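A short write-up of the structure that comes next.
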Amino acid sequence: MLGGAIEPCPLPAHALLAKYAGTGAYTDCYAVDVAGSVSHAAYVEAFYTGKILKIELLLLRLLFSKPSTDIQARQLAVGEINSFSGWRVEDRNTDQLLMCDFSGNTRSWLMVAPLSEGSAPATRLYFGSAVLARGTKATGEPRMGALFRPLLRFHKRYSRALLDGARARLAEASH
């Protein structure tokens, strides 16, 4: 599976994002395996400096006055700062980062896990999201925002593209 397709997968039980699963929030998780030992800091920096994410960062800067720099992405990655553009750190540990967006409605989660398969070192990169429900329906079921369903297909493709962008940045850095 090294360098293979980015696939949806179950959230690991110890994932910081797991606290939102089963609460009525939408949660997802994607993973890809890469060759080599990748530190969590390297992954976070690669993710937040990826070309595709730069478009989102530009929109956040222009529309919401939420600027960011690659230096800030590096500082976030190593734990020197706790906010980046439109996100703030909700939780972190040595191999995970859980970010909350400025509206409080969504979460982004990044995790690395070393793999022990084969003789060469490898790392599994995880990326997941949570979209919180906006109240409840009359039936008591969680109610998602009006744009949730129409944007879900885009969100799934975008999540894969973001993870693929981080994988590409890490590959560039290793050469």
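Bear in mind these aren't lab numbers, they're just calculated from the coordinates by the rules spelled out. All values derive from a computational prediction rather than experimental measurement. Cβ coordinates were reconstructed from backbone atoms using ideal geometry, including for glycine residues, and neighbour counts include every protein chain displayed.
Taking loop as defined by DSSP and a crowding limit of 15 other beta carbons within 10 Å, which GluC sites (Glu not before Pro) in segment 50-103 fit?
Answer by residue number: GLU80.
In Å, the Kirkwood hydrodynamic radius of segment 35-175 over pairs of distinct alpha carbons?
Every distinct Cα pair counted, the radius reaches 16.3 Å.
For a straight C-alpha distance cut-off of 19 angstrom, the aspartates and glutamates reachable from LYS19 (same-chain residues fewer than eight places away being disregarded) are ASP28, GLU90, ASP91, ASP95, ASP101, GLU141. For segment 7-173, DSSP calls about 100 percent of its internal beta bridges antiparallel.
Phi angles of segment 14-30 translate, via the Karplus equation with coefficients 6.51, -1.76, 1.60 and θ = phi - 60°, into HN-Hα couplings of 8, 5, 4, 6, 4, 5, 8, 5, x, 9, x, 7, 7, 10, 9, 8, 10 Hz per residue; Gly and Pro are given as x.
Taking amide H atoms as placed 1.01 Å from N in the peptide plane, the amide H of LEU115 lies under 5 Å from those of ALA122, THR123, ARG124, each 5 or more residues away in sequence or on another chain.
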